[in-house]
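Right, one structure below, let's go through it.
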Amino acid sequence: MDEFNRITRREFLGKSLQLGAGAALLPGLSRYDKILSPAQDQKLGRICIGNEGARFDIKSKPSINGANVGLVYHDDVIPWYRTVAASTMDLNNINQRWVETEGGYINAGYVQPVRNILNTPADTLPTYGNHPGVWVEITVPVADLIMEGAPGSYWAQHTIRPRAYYGQVFWAEKTGVDENNQIRYLLTQRYGAASEFYWVPGSACKILTPDDISPISPEVEDKQVIVNLARQTLSCMEAGREVFFCRVSTGPLLSDGWQTPPGTHAIWRKLVSLHMSAGGDTGEAFDTPGIGWTTLFTTTGAAVHSAYWHNEFGFARSHGCVNCLPEDAKYVWRWTTPVVDCEPGDLTWKDWTRGFTPINVVES
């Protein structure tokens with residue numbers, strides 16, 4: 001069984017979210033308000049693999065050999081009833097977990113676990129200090145972005161439909177209203193990206209307060225993070241006792257250039273949110289906005305951080321970082337030392353002798 005209680009289809013969405021062959025589900029925040037509100041805090045899945053227009057088969061059973069009974073497209077949102085093991089092994093896919101949804105099954109690696117939590121927008125944004133604005137977390141599966149001015153990053157320039165996704169974190173600078181007089185926020189990225197701005201519905205954003213990012217167990221001095229490359233797991237240890245555990249995705253153990261480096265490392269920078277890019281024009285290039293809860297532990301860029309673009313946790317697939325579900329990355333960020341305040345939401349230092357939480361990457 002999945003960690004969430006299974007719900008019946010009638011309890012979930014009734015007949016309002018039926019999956020038919022070729023059906024595209026919920027392509028935009030404006031439809032979420034009407035379709036998902038009755039069950040807005042239930043577990044959902046967003047098809048997170050591929051680019052605009054990519055499509056994937058719904059199977060009659062949790063197996064690559066199941067009959068094709070429907071289609072889903074990139075960024076479609078589906079009900080997530082439970083996670084099950086494959087009924088037959090797919091030798092071409094390391095992930096043998098499947099999601100049961102309306103009408104059939106889809107490989108879990110294609111589906112980001114999300115919720116649809118609508119927020120009451122603020123007429124005026126609070127502020128942490130002298131810098132106007134506030135950190136916000138996206139709490140809906142997907143929300144369309146409207147660019148304000150020219151795009152600055154590679155991602156924004158080459159995206160057909162700019163969107164924000166569940167778990168991303170941005171800086172909201174000010175509020176406004178759309179053509180329907182609904183409150184919206186102007187988002188930007190303070191770290192790692194060229195200056196650019198995007199409007200998003202305010203209901204898609206949770207304003208992060210100092211309490212939301214306050215440190216966990218700050219009184220405990222004996223802490224360490226253990227990342228196990230063989231098992232693809234992360235553990236937070238207090239005096240030798242495990243207090244937190246999650247599955248992760250690291251760089252492949254035997255990869256050329258993308259391995260998560262083994263050894264004991266010192267955290268040298270932490271950010272509430274960071275735009276990450278690397279690779280230039282190579283086939284391994286990436287340019288990814290709004291990555292929340294980034295904890296850097298090597299000078300070559302390896303970090304523990306949230307990942308909203310896959311659901312392969314438990315399998316190695318990163319470019320050397322330690323990918324986590326957003327809620328897991330946030331726990332690690334809050335639990336490790338040193339403590340980072342909302343403003344500026346970034347702390348960098350060079351004195352690694354002060355006893356900050358070590359990150360120990362082990363191979364087995």
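The values are calculated or read from the model by the stated rules, or taken from the named source; none is laboratory data. Remember, predicted model here, so these are calculated numbers, not experimental data. All Cβ positions, even for glycine, are placed from backbone atoms using ideal geometry, and neighbour counts span all protein chains on display. The accessibility values were calculated without ligands, DNA or RNA, using every heavy atom of the protein model including side chains. Shrake-Rupley method; radii C 1.70, N 1.55, O 1.52, S 1.80 Å.
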Can you tell me which residue within segment 218-257, out of those that are hydroxyl-bearing (S, T, Y) and part of a strand (DSSP E or B), is nearest to N323 (Cα to Cα)? S249
Could you list, in sequence order, the residues of segment 42-66 that are more than 18 Å from the chain's Cα centre (by Cα), in contact (Cβ under 8 Å) with a residue 24 or more places away in the chain and either assigned to a strand (DSSP E or B) or closer than 18 Å to R163 by Cα (or both)? E52, F56, D57, I58, K59
For segment 89-108, which positions are open to solvent by less than 50 Å² (accessible area, probe 1.4 Å) and either modelled with pLDDT of 95 or more or polar (S, T, N, Q) (or both)? N93, N95, Q96, W98, V99, E100, T101, G104, Y105, I106, N107, A108
Does segment 140-189 hold any residues that are touching a residue at least 60 places away in the same chain (Cβ under 8 Å), touching a Gly at 6+ places or on another chain (Cβ under 6 Å) and open to solvent by 10 Å² or more (accessible area, probe 1.4 Å), and which are they? D144, I183, R184
Determine, yes or no, whether P151 is assigned to a loop (DSSP other than H, G, I, E, B), more than 23 Å from I49 (Cα to Cα) and touching a helix residue (DSSP H, G or I) at 6+ places or on another chain (Cβ under 8 Å). yes
Taking the options T337, T300, name whichever one is within 26 Å of N130 (Cβ to Cβ), touching a residue at least 12 places away in the same chain (Cβ under 8 Å), open to solvent by 10 Å² or more (accessible area, probe 1.4 Å) and among the hydroxyl-bearing types (S, T, Y). T337
Count - residues of segment 109-139 that are aromatic (F, W, Y), surrounded by fewer than 22 Cβ atoms within 10 Å (Cβ to Cβ) and either within 20 Å of Y81 (Cβ to Cβ) or under 16 Å from the mean Cα position of the chain (by Cα) (or both): 0
Checking A193 against (1) free of Cβ contacts under 8 Å to residues at least 40 places away in the same chain; (2) within 23 Å of E52 (Cβ to Cβ), which single condition isn't satisfied? (1)
Test each condition in (1) surrounded by fewer than 17 Cβ atoms within 10 Å (Cβ to Cβ); (2) touching a Ser or Thr at 6+ places or on another chain (Cβ under 8 Å); (3) not acidic (D, E) for A86 and report the one that comes out false. (1)
The correct count of residues that are loosely packed, with under 13 Cβ neighbours inside 10 Å, in contact with a strand residue (DSSP E or B) (Cβ under 7 Å, 6 or more places away or on another chain) and among the acidic types (D, E) in segment 195-253 is 2
Just a yes or no: is a residue in segment 306-316 buried (at least 18 other Cβ atoms within 10 Å of the Cβ) and outside any loop (DSSP other than H, G, I, E, B)? yes
Do you know which residues across segment 209-256 are touching a residue at least 40 places away in the same chain (Cβ under 8 Å) and at positive phi? S217, Q232
